[in-house]
Each structure stands twice: as C-alpha cells, then as structure tokens.
Amino acid sequence: MKRILQNSIYLLITILAINILSYFLFFRLDFTMNKRYSLSKVSKNIVKKNTLPVTVDFYITEDLPQDIKKLAKEFQSMLKEYKSLSNVSFTVNTINPNTSEKEFKANRAGIQPLYKEIRERDLEKIQKIYIGAMIRVGNSKTVLPQINYNTPIEYELTRILKQASDTLKPSIGFVHGHGEATINHMPQLIHELSHLTDLSIVDLNAATPPLSQFNVLCIIDPQDTYSAFEIEQLNKYLDQGGRLFIALNHAIGQLSGERNSGFINRTGIEDMLEKKGLKVKYDFVVDNNCGTIALNQHYGFIQFQSNVSFPYLPIITNFSKHTITYGLNSMLLAFASSIEQVKTQSTYIFTPLAMTSSISGIQQAPVFFNFQKQWTKNDFNHPHNIVAALLTNDDNNSAIVTITDADFISNEIVTGGHTDNINFAINSIEWLADNSGLIKLRNKFTTFSALEPTGDSVREFLKYLNFLTPIILIAFTALIHFRRKQKKRINRSHPGYVD
C-alpha cells in the first residue's frame, strides 16, 4: 500500500513538472513530408537574431466555423514557436472583437472583417468574422488585415522580423531609357518588393550610381535597342557577380483594328543572352491550355461579346523543381517566344524554369491571327517549350532569370486573378537578391488534408471496426490476464512452489 502511494505521488509530481515546463517551452512533432508545421532554419535564425521587443495583437472572433478555427489555431501555434525561440520580449495578445468598442479598435488597427455564410440546421446566417493581426517590432508596425489559407504565415512573420531588424536592405535597380515598363505599369510588384528592398531607377549611360551597388538589375519590357556601350556595362556588372531579371516582350502581338498580327522586337539583350547559352527564338508559342479573349460577334441585328480560346495566351502549369518556382500553380503569358539552350564557351549553367504543356507548339514570326481558326493536333506538335529559364555562373556568382513575356506582370493581367504571375517575378527577384533563404517560405501555405469520399460498404466496415476493436482488445487483455492467474493458481498447488 505504501509503495502504491509513493508511485502515485511520483506520478503527480511528474505530471505537474511536465505542465510547468510546457508553459515555458513549446514544441511540436511534425511528421508532414514538407515540414509544413515546423519553422524553417531561416525563421529560427532570424527570430533568434532579433533584438527588438515583439508584440502581436491577434484579433479573432469566437464561435468560428471549423475550417477558420483550424487556421486560427495554427497561427497561434506558430506564434508560440516564435515566442519560444525569441531571446527578447515576445507578447501575444488575443483580442475578441465582441463589442462595438473592440470592433472599432480592430478596424482602426487595419483589421478587415470578412463575411461568411453559415448554415445551422435549417437556418442560414451571415457571420462577421475577424481574423487578423497587428505586429509591432520595436517602433515599426505591420498589419495582416486578413489571415486566410492563401497567407504564407511563416513567410509574413519572418519577413516582418527581418524587415524591422535589418538596417541594410538589398538594392534593386530598374533599368530605364529604352521604353521599359514604368513603375505605374506594375504596382503590385513594386509594392511587394518595397517591403524588403530599396528600389531605384538606373541609367546605364550615367556614371552614377555605380552598378556594383545593386544586388539585382531588372530589365522589364525594353522596346528600343541597347547600345554596344550599354551591353558592355551589363557584362561588366555580371563579371563582378551581378544578377539580372529580364522580362522581354520579344514576341509582339497587335490586336487592334485591322492589324491582327505578330512580329519580333529585337533589343540587343537577346544577343547578350545567346553568348551565355540562352537563345530566345524568333517564334510565338501556342498552347491548347490557354486564356481567352473577348470578340465582338453579330447575330442578325444583335451584337454581343463572347470569349474565345486564344492559344497565343498560354497558361503555364509545368514548372521545374527550383526555389523560384516552388509552390506555383499556373501563369498566364501574353505572347511569348520559346527559349533553347545553345552551346557556347561561356561557363553559365542553363536551367529551365517554366514550360508549355504537352499539347503545345510554335509558329515562326511573323504571324497573322485568325480568330475563326479551327485548331488541330498538327498545330500543337512541338510540346514543352521553355518560356522562362535561369543562367547561373559559379565562377563569379552571377545569375540571370529570363522570361519571354513582360506583360505577365502588368496590372491588367495580375488583377485578373493570375496571382502566380506576380509570385514568379517576386520569387525571381528576391531569390537573386537574397542569400538568407527567406524566399523559400513565400509559397509555404497552411493547408489541411481532406479525407477522400468513401463508399457505403467502406463506411459500414469502418463503423463496425471502430465499434468492435476496443471490445476485442479488452477481451483479449482480459483473456491474457485470466490465463496468467490460472497458471499461477496451478503452480501454487504444486508442493514446494514459492511466489
């Protein structure tokens, strides 16, 4: 009896110690293949190096639908991991905006409510849901107005910490002077890059600032030809370990009035790339997996618009396994040329990044667009055309990302729902500029696997399996216990037996 009491006391002390330790220490065992619920080495390093106090005001509505409740729990668990690793004050305040005063505070902080239709038995209602956070790191403040399944939570939290603690940001230069795209042409790209980088306009003919101060130079939609001096400047920049992001409108499509045709626009950048092993071909890629255009059609006296598939607007879903393309699903390109690797004396290594589908082809320029054309298999007899590629040089650490469409990051296409277009551009530039590895987290989203639907027979089997398994285990345990007792009784009946 005394031994049982001692064991019970030891057990209670152990449980109490574990509970006390769990309050101060937080860890999770992550058995997912891609370690979705574990902080990466990049995040751990950044949160440990942070020397500024962190305060997170997490605004979350009570009585949430199950899917949003899971997401909120995952966000809170991730905050606990950051807190457990932090060497400075890391405070998390959970606020339920259940009064008008707290709702006003949430709105003033920049937290935006979402409205979700909820069904309860035979009733339907619209629930107002707050799930967002205001994060203060030192004197800086950042708001996540709505957290959803498209929010890369770890990337956002680590980015905010890095942005507040890093005094030196990567410098990104946008080359101008040849009709390149202006900043107003790509507002989302500029907005995203401004978080972690310093942006500048660059004139290759000017003596200042020196190109060597830029981590990345962006050449987006040049329309005029680069001079031999400017190409030489770019080559010198690359020889010093420079990095380029190049988006060319090599294939130009005209869809206005009577000029429904396409031609090639040369800028001199193509020749520079070809000497390094990347050739942009004189063609237009076409793909059966494509976007649509609106055409005016007539039916008697009635005029209407209809959407027609247009293979010159390929939707790209084939991506290589690279950090730049990790997590991307699809991109829409507006008139693109194919890329091929060519042999040169250069030490650059060629890596494809994005390709057309298995039902795709090429058409040599110039082309004339026939909107009534009946496309056949013969038009798609050149599959897997490369439309984006990477050149890397291990000798001087230079790199070049090239994509053969510059309009893919235009505001018109990006706001049309093609978010991976902007993700590819941001991933490319941040990968070129950042050596910390933060870019690997951009497409790390929180998802919860759903069970596949099963048939009635499988459900019936699982129901009885769940019901009978505990009974069988208890009966089996009882049988073993009975046999042991029976064997002990038999042994006791033998003369000279001692327990």
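If only residues of segment 367-388 that are crowded, with 16+ Cβ neighbours inside 10 Å and more than 16 Å from Asn288 (Cβ to Cβ) are counted, the one that is nearest to the chain's Cα centre (by Cα) is Ala388.
Of all the residues that make up segment 190-213, how many are in a helix (DSSP H, G or I), in contact (Cβ under 8 Å) with a residue 12 or more places away in the chain and surrounded by 13 or more Cβ atoms within 10 Å (Cβ to Cβ)? Don't jump to the end; show me each part of the working.
Let us first name the residues in segment 190-213 that are in a helix (DSSP H, G or I), namely 190-193, 211-213.
This time we only want the ones that are in contact (Cβ under 8 Å) with a residue 12 or more places away in the chain, so: 192-193, 211-213.
Now drop any that are not surrounded by 13 or more Cβ atoms within 10 Å (Cβ to Cβ), which leaves 192-193, 211.
Of the residues in that region, 3 qualify.
Assess whether Asp67 counts as being within 21 Å of Leu144 (Cα to Cα), of a type outside the set (Ser, Thr, Tyr), surrounded by fewer than 17 Cβ atoms within 10 Å (Cβ to Cβ) and modelled with pLDDT under 85.
Values: within 21 Å of Leu144 (Cα to Cα): yes; of a type outside the set (Ser, Thr, Tyr): yes; surrounded by fewer than 17 Cβ atoms within 10 Å (Cβ to Cβ): yes; modelled with pLDDT under 85: yes.
Taking the combined requirement at face value, the residue satisfies it.
For Ile409, indicate whether it is of a type outside the set (S, T, N, Q), at pLDDT 85 or above, crowded, with 22+ Cβ neighbours inside 10 Å and closer than 30 Å to Leu39 by Cβ. Break it down stepwise before answering.
On the way: of a type outside the set (S, T, N, Q): yes; at pLDDT 85 or above: yes; crowded, with 22+ Cβ neighbours inside 10 Å: yes; closer than 30 Å to Leu39 by Cβ: no.
No; evaluated as a whole, the condition is false for this residue.
No other residue among Asn421, Asn396, Asn443, Asn427 is outside the structural domain of Lys44 (by TED's automatic domain parsing), modelled with pLDDT of 85 or more, under 21 Å from Leu157 (Cα atoms) and of a type outside the set (A, V, I, L, M, F, W, C) apart from Asn427.
If I filter segment 179-196 for residues that are of a type in the set (A, V, I, L, M), over 30 Å from Ile160 (Cβ atoms) and modelled with pLDDT of 90 or more, do I get at least one hit? No, there is no match, as no residue in segment 179-196 is of a type in the set (A, V, I, L, M), over 30 Å from Ile160 (Cβ atoms) and modelled with pLDDT of 90 or more. Of the strands (runs of 3 or more DSSP E) contained entirely in segment 224-282, those carrying at least 1 residues that are of a type in the set (A, V, I, L, M) and more than 19 Å from Thr392 (Cα to Cα) fall at 251-256, 259-264. Filtering segment 103-135 to residues that are farther than 19 Å from Thr151 by Cβ and touching a residue at least 40 places away in the same chain (Cβ under 8 Å) leaves Ile118, Gln127, Lys128. Might you let me know whether segment 139-158 holds any residue that is crowded, with 19+ Cβ neighbours inside 10 Å, in contact with a helix residue (DSSP H, G or I) (Cβ under 7 Å, 6 or more places away or on another chain) and of a type in the set (Asp, Glu)? Within segment 139-158, one or more residues are crowded, with 19+ Cβ neighbours inside 10 Å, in contact with a helix residue (DSSP H, G or I) (Cβ under 7 Å, 6 or more places away or on another chain) and of a type in the set (Asp, Glu).
Take Lys44 and decide whether it is within 23 Å of the chain's Cα centre (by Cα), within 26 Å of Ile118 (Cα to Cα), among the basic types (Lys, Arg) and at pLDDT 85 or above. Break it down into steps so the answer makes sense when it comes.
Working: within 23 Å of the chain's Cα centre (by Cα): yes; within 26 Å of Ile118 (Cα to Cα): no; among the basic types (Lys, Arg): yes; at pLDDT 85 or above: yes.
Criteria not met by Lys44.
For every residue, the table says whether it meets (1) of a type in the set (Phe, Trp, Tyr); (2) farther than 24 Å from Glu103 by Cβ; (3) in contact with a strand residue (DSSP E or B) (Cβ under 9 Å, 6 or more places away or on another chain).
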residue: Glu117; (1), (2), (3): no, no, yes
residue: Leu123; (1), (2), (3): no, no, no
residue: Gln127; (1), (2), (3): no, no, yes
residue: Tyr130; (1), (2), (3): yes, no, yes
residue: Arg136; (1), (2), (3): no, no, yes
residue: Lys141; (1), (2), (3): no, no, yes
residue: Gln146; (1), (2), (3): no, no, yes
residue: Thr151; (1), (2), (3): no, no, yes
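Inside segment 343-366, residues that are under 25 Å from the mean Cα position of the chain (by Cα), more than 20 Å from Gly277 (Cβ to Cβ) and surrounded by 18 or more Cβ atoms within 10 Å (Cβ to Cβ) make up a count of 2. Just for segment 256-281: of the residues that are touching a strand residue (DSSP E or B) at 6+ places or on another chain (Cβ under 7 Å) and within 21 Å of Gly179 (Cα to Cα), which one is surrounded by the fewest Cβ atoms within 10 Å (Cβ to Cβ)? Selected residue: Phe263.
Out of all the residues in segment 95-141, which are of a type in the set (Ser, Thr, Tyr), within 28 Å of the chain's Cα centre (by Cα) and closer than 14 Å to Tyr59 by Cα? Before you say what the answer is, go through the steps one by one.
At the first step, the residues of segment 95-141 found to be of a type in the set (Ser, Thr, Tyr) are 99-100, 115, 130, 140.
After this cut, where a residue has to be within 28 Å of the chain's Cα centre (by Cα) as well, the list is 115, 130, 140.
Hit for segment 95-141 is Tyr130, nothing else.
Of the strands (runs of 3 or more DSSP E) contained entirely in segment 316-408, those carrying at least 2 residues that are of a type in the set (Ser, Thr, Tyr) fall at 398-403. Of everything in segment 399-415 that is within 22 Å of His250 (Cβ to Cβ) and of a type outside the set (A, V, I, L, M), the residue that is nearest to the chain's Cα centre (by Cα) is Phe408.
The values are calculated or read from the model by the stated rules, or taken from the named source; none is laboratory data. Worth saying up front: this structure is predicted, and the values here are computed from it rather than measured. Cβ: placed from backbone, ideal geometry, glycine included. Neighbour counts: every protein chain shown.
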